[in-house]
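S.K.: Below are the structure tokens for one structure; questions will follow.
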Amino acid sequence: VISTHAGRSSASIRRSSTPALLTFDSGRATQKSRYGGELFPAETAADRHGTRFIDFFQRDKDTGAAKGIIGIDLGGLP
Amino acid sequence: MITNQRQYLITKAEIAKFEEAAAAARQSDSSPGVDPLIHKAMGDALASQLDDLKNDVLEYETLRAGGVRQRVFRSLRELPQALIEARIVARLSQRELAERLDLHEQQIQKYEATGYAGASLERIQDIADELGIEIEESVTYTVADA
């Protein structure tokens, strides 16, 4: 889940010229083939649409209980 | 893959939430303070995940309804999925299968969650027998170079 402040994330993505990160075709096939994984946008500064993924990935599929996830601030990476 | 009723109900509840979020996202072309590029990506991402969840539910419902009778697999690596599917098609819960084999429910849950990692061949055979799986498969050997 990409969770960064609005503006910075989009600028970073634009700079890196990686439209694949914003392509969600057929089960994120492009992302998976290029990066071996997938990323979902979750703007913390935005409305509740983005927080859907934060909620979703914290839900244990087997029990429905909350589970911990690790947040990485992409803007803070070297 | 959904393997039991609990996961099924949880997934259905997630679908309802994703549908609400996706519908809300479609209603606006922008979000305050969010780059339009990211706004569109959020909507696409929601729709994409929603598709995944719906496919999972459809797959499970089809199996439960007996809509799948046979699979063609090309590798033993796909055997665990066959065992899981066969149980769902037989409408046996993980607990019911475990009871038939005199095992704990958690053991079947663990097998299925790990793709039957660590299960002995004998155990796999017992489960396949209990589920009434028939395998008609040709095995091709690789001949060593002379």
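S.K.: What residue, among those in the range B:50-77 that are among the polar types (S, T, N, Q) and under 15 Å from the mean Cα position of the chain (by Cα), is nearest to the other protein chains (Cβ to nearest Cβ)?
M.R.: So the residue we want is B:Asn55.
S.K.: Further question on the same structure: Of everything in the range B:12-49 that's under 23 Å from the mean Cα position of the chain (by Cα) and buried (at least 19 other Cβ atoms within 10 Å of the Cβ), which residue is nearest to A:Asp60 (Cα to Cα)?
M.R.: B:Glu14
S.K.: Right, another one. Could you count how many residues in the range B:78-114 are under 14 Å from the mean Cα position of the chain (by Cα) and acidic (Asp, Glu)?
M.R.: Residues in the range B:78-114 being under 14 Å from the mean Cα position of the chain (by Cα) and acidic (Asp, Glu): 3 in total.
S.K.: Inspect all residues belonging to the range A:8-16 and state whether any of them is at pLDDT 80 or above, in a helix (DSSP H, G or I) and surrounded by 12 or more Cβ atoms within 10 Å (Cβ to Cβ). Before the answer, list the steps.
M.R.: Narrowing the range A:8-16 to residues at pLDDT 80 or above: none.
No, the range A:8-16 contains no residue that is at pLDDT 80 or above, in a helix (DSSP H, G or I) and surrounded by 12 or more Cβ atoms within 10 Å (Cβ to Cβ).
S.K.: What is the one condition in (1) under 30 Å from B:Glu19 (Cβ atoms); (2) in contact (Cβ under 8 Å) with a residue 40 or more places away in the chain that B:Ala65 does not satisfy?
M.R.: So the condition that B:Ala65 fails would be (2).
S.K.: Could you run through the range B:85-135 and say how many residues are β-branched (Val, Ile, Thr), in a loop (DSSP other than H, G, I, E, B) and surrounded by 12 or more Cβ atoms within 10 Å (Cβ to Cβ)?
M.R.: Residues flagged as β-branched (Val, Ile, Thr), in a loop (DSSP other than H, G, I, E, B) and surrounded by 12 or more Cβ atoms within 10 Å (Cβ to Cβ) within the range B:85-135 amount to 1.
S.K.: Still on this structure, I have one more. Is there a residue in the range B:56-73 that is surrounded by 15 or more Cβ atoms within 10 Å (Cβ to Cβ) and basic (Lys, Arg)?
M.R.: Start the filter on the range B:56-73 by keeping residues that are surrounded by 15 or more Cβ atoms within 10 Å (Cβ to Cβ), which leaves B:56-57, B:59-60, B:63-64.
With basic (Lys, Arg) added as a condition, the list becomes B:64.
Among the residues of the range B:56-73, at least one is surrounded by 15 or more Cβ atoms within 10 Å (Cβ to Cβ) and basic (Lys, Arg), which makes the answer yes.
S.K.: Are any residues in the range B:16-33 facing another protein chain (nearest Cβ under 9 Å) and either under 20 Å from B:Asp56 (Cα atoms) or in a helix (DSSP H, G or I) (or both), and if so, which ones?
M.R.: B:Lys17, B:Phe18, B:Glu20, B:Ala21, B:Ala22, B:Ala24, B:Ala25
S.K.: Answer with yes or no whether A:Ile2 is touching a Pro at 6+ places or on another chain (Cβ under 7 Å) and at pLDDT below 85.
M.R.: Working: touching a Pro at 6+ places or on another chain (Cβ under 7 Å): yes; at pLDDT below 85: yes.
So A:Ile2 passes the test.
S.K.: Test B:Asp126 against the stated conditions and say whether it is in contact (Cβ under 8 Å) with a residue 24 or more places away in the chain and out of contact with any strand residue (DSSP E or B) (no Cβ under 9 Å at 6 or more places or on another chain).
M.R.: Taking the combined requirement at face value, the residue satisfies it.
S.K.: Which one is surrounded by the most Cβ atoms within 10 Å (Cβ to Cβ) among residues in the range A:17-51 that are in a helix (DSSP H, G or I), within 8 Å of chain B (Cβ to nearest Cβ) and modelled with pLDDT under 80?
M.R.: If we take residues in the range A:17-51 being in a helix (DSSP H, G or I), within 8 Å of chain B (Cβ to nearest Cβ) and modelled with pLDDT under 80, then A:Gly50 is surrounded by the most Cβ atoms within 10 Å (Cβ to Cβ).
The values are calculated or read from the model by the stated rules, or taken from the named source; none is laboratory data. Keep in mind the model is a prediction, meaning the values are calculated, not measured. As a convention, Cβ positions derive from the backbone with ideal geometry for all residues, glycine included, and neighbour counts pool all protein chains shown.
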